[in-house]
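Throughout, read-outs are computed from the coordinates displayed, never taken from laboratory work. Treat the numbers as computed from the prediction; the structure is a model and nothing was measured. Glycine gets a Cβ as well: all are built from the backbone with ideal geometry, and neighbour counts include every protein chain shown.
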Amino acid sequence: MRTPIIAGNWKMNKLTADAVALAEGLNAQLSEFSGVEVVVSPVATVLSAVASSLEGSAIEVSGQNCYHAESGAYTGELSPQMLKDAGATWTIIGHSERRQIFGENDALLNEKLKFALASGLKVMFCIGETLEEREGGTMGAVLTRQLVDGLAGLSDADFENVVVAYEPVWAIGTGVVATPQQAEDAHAFSRNVVKENFNATIADGLRIQYGGSVKADNAAELLGQANVDGALVGGAALDAEGFAAIVRAAL
Ligand code: PEP
């Protein structure tokens, strides 16, 4: 059985007071839950404050990105060690906004993934096709490349600390959610890619989150699909009640 994982990506939102209030609100909403892993991913400047306010709760904290070096002349970057120092146990890597706006490619993301894992962080590794790729018939090739190149070189043990987030780019922040069947098809396809390129045990155990306009009112149906093991939530994660409702939909 794969434990569902619901994560909130707060993106570049919230100053300290609002971020801590959101964390406290979530903690109050989710004071008692089991059987689902819950993670929040605040902006780096408030990570430490959010982690402190969630101390003692079962809600884990994640970075949104990190570089593949521990320290040094990389102006503007953050290392996994710095995320851990601030209280994170997870990081997101390869979000489509990183790929599209900041030009991060599969080779770079693979370096980041391997370094984050070697540094002791767990990773939500994002993949997903654009609308053009889906409509142009290259979706399978794109997902295969992102998985094969992105996960290259990982050991069986590494996979215990990796979750894949399937996030179709056309569904992120657009209000257009994939149908449960579209999500299930892409997840089943991705799991099969992992099976063929790694092995069946890794593929069976790998959790695959869906991301893209997940809300309280569509979460249950998406999470009810056989290969959908959780959600990576953007906009709806900025509201404690709405996010808590998504977590409850996974129970
Ligand atoms: C995301 O940013 O990972 C995301 C899925 O955003 P939204 O839920 O707002 O579509």
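A compact table of results
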{"quantity": "Extended-chain gain in nm, criterion 0.36 nm per residue less alpha-carbon gap, THR3 and GLU70", "calculated": "21.0 nm"}
{"quantity": "GNM result for the chain, Cα springs below 10 Å: residue of SER119, SER41, SER213 fluctuating most strongly", "calculated": "SER119"}
{"quantity": "Relative contact order (%) - criterion: Cα under 8 Å, at least six apart; region: region 31-83", "calculated": "31 percent"}
{"quantity": "Hypothetical label at GLU32: residues of region 211-251 whose amide nitrogen lies under 13 Å (7 Å Cα-Cβ projection)", "calculated": "none"}
{"quantity": "Gain upon complete extension [ASP85, ALA220; 0.36 nm per residue less C-alpha separation]", "calculated": "45.1 nm"}
{"quantity": "Difference of contour (0.36 nm per residue) and Cα-Cα distance, ILE101 to ALA21", "calculated": "25.9 nm"}
{"quantity": "Region 1-108, Rg to Rh (Cα coordinates; Rh as Kirkwood inverse mean 1/r)", "calculated": "0.99"}
{"quantity": "Lys, Arg +1 and Asp, Glu -1 on Cβ, resulting dipole of the chain about Cα centre, debye, nearest 20", "calculated": "100 debye"}
{"quantity": "Dipole axis of region 28-249 (+1 Lys, Arg; -1 Asp, Glu on Cβ), positive-most option in PRO80, GLY173, VAL233", "calculated": "PRO80"}
{"quantity": "Charged-residue dipole, Cβ positions (Lys, Arg, Asp, Glu), region 110-164 about Cα centre, Debye nearest 20", "calculated": "180 debye"}
{"quantity": "Rounded if a/c under 1.5, otherwise prolate or oblate - region 74-149, Cα gyration tensor axes", "calculated": "prolate"}
{"quantity": "Lysine pairs meeting the criterion (Cα under 25 Å, 8 or more apart or interchain), as found in the chain", "calculated": "17"}
{"quantity": "Region 148-215 - Rg over Rh from alpha carbon coordinates, Kirkwood radius", "calculated": "1.01"}
{"quantity": "Residue with peak Gaussian network fluctuation, the chain [Cα springs, cutoff 10 Å], from VAL142, VAL228, VAL162", "calculated": "VAL142"}
{"quantity": "Within the chain, helix-based [θ] at 222 nm, where runs of 4 or more DSSP H residues each add -39,500 (n - 2.57), nearest 500", "calculated": "-13000 deg cm²/dmol"}
{"quantity": "Fraction of beta bridges assigned by DSSP in region 28-249 that are antiparallel (%, nearest 5)", "calculated": "0 percent"}
{"quantity": "Rule-of-thumb Rg ratio for the chain [Cα; 2.2 N^0.38 Å; N residues]", "calculated": "0.93"}
